[in-house]
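A short reminder: the numbers here are calculations on the coordinates, not readings from a lab. What you see is a predicted model; the values in this text were computed from it and never measured. Every residue, glycine as well, gets a Cβ built from its backbone with ideal geometry; the counts of neighbours run over all protein chains shown.
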Amino acid sequence: MTRHNHARSSIDTGNAVQVFLTAPEAAAILRLSPITLARWRVQGYGPQWIKMGPKRVCYAMDDLKAFADAQKRTSTSDL
């Protein structure tokens with residue numbers, strides 16, 4: 001029986017390789033709980049995600065980085 005490591009699943013998009021993470025792995029990278037990430041999916045907030053099957057949610061590493069970059073602020077008065 002073959003085991004797949006979904007955290008290392010990737011698609012070659014020309015010169016770049018896209019890395020996909022499970023929801024718990026993505027939450028760990030963002031230093032969030034998996035429950036917070038799940039709540040954000042329902043609310044339409046957070047990083048973009050991909051539905052890979054009936055019960056599998058994955059996040060592209062590039063999307064996690066883009067989301068984190070969009071959260072940067074320079075002042076407490078920034079919205």
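Counting every other Cβ atom within 10 Å of each residue's Cβ, Leu79, Leu37, Leu32 order from fewest to most as Leu79, Leu32, Leu37.
If each residue of separation counts as 0.36 nm, what is the full-extension length gain between Asp69 and Val17 once their alpha-carbon separation is subtracted? Present the calculation step by step, with values, prior to reporting the outcome.
On the way: separation 52, 0.36 × 52 = 18.72 nm, distance 2.01 nm.
Difference between extended and current length: 16.7 nm.
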